[in-house]
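Below you'll find the structure, written out as structure tokens, and then a few comments.
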């Protein structure tokens, strides 16, 4: 899921670079960034003389992730004092179709004083008594009085508002033909504001780790001309970096499998071990909840038979016997090494539907604790982990720890080009996480 486009988007986000979809949008953004202050937050107030464009603007704000300001009681009472009774004083503020320039000016002056307002979009739709040029002058005057909050104008009407638009441009007030363009620009301004307000250097954590063990595993794969680590090897890599995995072992035959199962205790899971079979469940290469030697023997025979039938070209090294563990919340932690930007870390909802749901976020390695936490918060997985509809909160701190350790791993070993921990079972707060299935792909040409 971390292709080239994702790599660039992730790098741009971390550098505070805003990407646009067209040259027109580039100039829409440029004129606002060049002339208006950066908003301190995402709370937008819309002032309009027409209900339709006002609703379009508010819907666009919601889609863009901007909030509509909850105006203070003082602001609402001040607006009621001079607006007609039919006017809306709840954001969006509708000053009505007969609004004069003076009415616009007074509404702007009142709203700009509200500390909860971060930015204003002023919409004018020409009607019988509308004063486009004088309204433009009112916007200019209000901005001069309160220059620390951005004002974006939307003057709809083409030739009917041409002089007013010219006046606004001359006085460095960005003006747009439609509400959606102003909202999209303001969204980008707000994102940049968040970037510059949150930008600070954070230490990259270090961990005790067994680098020598991982180096031996990678070198063995290189000697055997393998680019995919076997499941027991990936578990050993996880343990070397302090990431918990289920108890178990690797068996090359049925007798060894039964010995391991009896040593760790039933019930167990059985998984095929082959560098050529990445999606084990697709060929019956995973059997869960095996409770006896008899069930293990049947599962082993069926698994080897299925692999030989469905993937006859695959080399089967054996099976992995793994202690069954209690279910937890399923998340995924992944890595893709981009040729330009290096390792990109992924986090999201895990399990077999990860490629269907695609609830994921990305950051460039190395991760700091803050970056890891931000990644989690950007996904729907965060809602589940913090406790959904009365559920007990999950151990988010352990997920962050896993993400940081994987980040350190892929920074230490440039040979690792792909890594997936899916699923990572997350248990209740204080009960840690467990990496159930781990895939690691290598390249020796870098």
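Yes/no per residue for (1) part of a helix (DSSP H, G or I); (2) under 16 Å from the mean Cα position of the chain (by Cα); (3) outside the structural domain of residue 282 (by TED's automatic domain parsing):
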{"position": "334", "(1), (2), (3)": "no, yes, yes"}
{"position": "337", "(1), (2), (3)": "no, no, yes"}
{"position": "340", "(1), (2), (3)": "no, no, yes"}
{"position": "345", "(1), (2), (3)": "no, yes, yes"}
{"position": "348", "(1), (2), (3)": "no, yes, yes"}
{"position": "362", "(1), (2), (3)": "no, yes, yes"}
{"position": "367", "(1), (2), (3)": "no, yes, yes"}
{"position": "372", "(1), (2), (3)": "yes, yes, yes"}
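For the range 126-155, the set of residues classified as part of a loop (DSSP other than H, G, I, E, B) and surrounded by fewer than 20 Cβ atoms within 10 Å (Cβ to Cβ) consists of 127, 128, 129, 131, 146, 147, 148, listed by residue number. Listed by position, the helices (runs of 4 or more DSSP H) inside the range 167-276 whose residues that are under 30 Å from residue 325 (Cβ atoms) and without any contact (Cβ under 8 Å) to a residue 60 or more places away in the chain number at least 2 are 211-223, 231-240, 254-264.
Residue 116 falls short on exactly one of the conditions (1) in contact with a strand residue (DSSP E or B) (Cβ under 9 Å, 6 or more places away or on another chain); (2) in a helix (DSSP H, G or I), and that condition is (2).
Filtered by the rule that a residue be touching a strand residue (DSSP E or B) at 6+ places or on another chain (Cβ under 7 Å), exposed (fewer than 14 other Cβ atoms within 10 Å of the Cβ) and assigned to a loop (DSSP other than H, G, I, E, B), the range 277-297 gives a lone residue, 278. Scan the range 115-143 for residues that are farther than 15 Å from residue 165 by Cβ and touching a residue at least 40 places away in the same chain (Cβ under 8 Å) and the total you get is 8.
Of all the listed residues (165, 93, 117), the sole one being over 26 Å from residue 30 (Cβ atoms), in contact with a helix residue (DSSP H, G or I) (Cβ under 8 Å, 6 or more places away or on another chain) and surrounded by 18 or more Cβ atoms within 10 Å (Cβ to Cβ) is 93. When the helices (runs of 4 or more DSSP H) confined to the range 1-109 are screened for residues that are outside the structural domain of residue 194 (by TED's automatic domain parsing), those reaching at least 2 such residues are found at 4-15. Would a scan of the range 418-432 turn up a residue that is free of Cβ contacts under 8 Å to residues at least 24 places away in the same chain and either crowded, with 20+ Cβ neighbours inside 10 Å or touching a helix residue (DSSP H, G or I) at 6+ places or on another chain (Cβ under 6 Å) (or both)? Checking the range 418-432: not a single residue is free of Cβ contacts under 8 Å to residues at least 24 places away in the same chain and either crowded, with 20+ Cβ neighbours inside 10 Å or touching a helix residue (DSSP H, G or I) at 6+ places or on another chain (Cβ under 6 Å) (or both).
Apart from one condition, residue 63 fits all of (1) buried (at least 16 other Cβ atoms within 10 Å of the Cβ); (2) within 28 Å of the chain's Cα centre (by Cα); (3) modelled with pLDDT under 95; the exception is (1). On inspection, residue 446 does not qualify as over 23 Å from residue 222 (Cβ atoms) and either part of a strand (DSSP E or B) or modelled with pLDDT under 95 (or both). Checked against (1) touching a helix residue (DSSP H, G or I) at 6+ places or on another chain (Cβ under 6 Å); (2) farther than 23 Å from residue 208 by Cα, residue 435 passes all but condition (2).
Looking at 26, 112, 71, just one residue is surrounded by 21 or more Cβ atoms within 10 Å (Cβ to Cβ) and under 35 Å from the mean Cα position of the chain (by Cα), and that residue is 71. Inclusion of residue 326 among residues that are assigned to a loop (DSSP other than H, G, I, E, B), within 30 Å of residue 13 (Cα to Cα) and touching a residue at least 60 places away in the same chain (Cβ under 8 Å) is not warranted.
Checking every residue in the range 394-401 against the condition of being buried (at least 23 other Cβ atoms within 10 Å of the Cβ), touching a helix residue (DSSP H, G or I) at 6+ places or on another chain (Cβ under 7 Å) and in a strand (DSSP E or B) gives at least one match.
The values are calculated or read from the model by the stated rules, or taken from the named source; none is laboratory data. Please read these numbers as outputs of a predicted model, since none were measured by experiment. With ideal geometry, Cβ positions are generated from the backbone for all residues, glycine too; neighbour counts draw on all protein chains shown.
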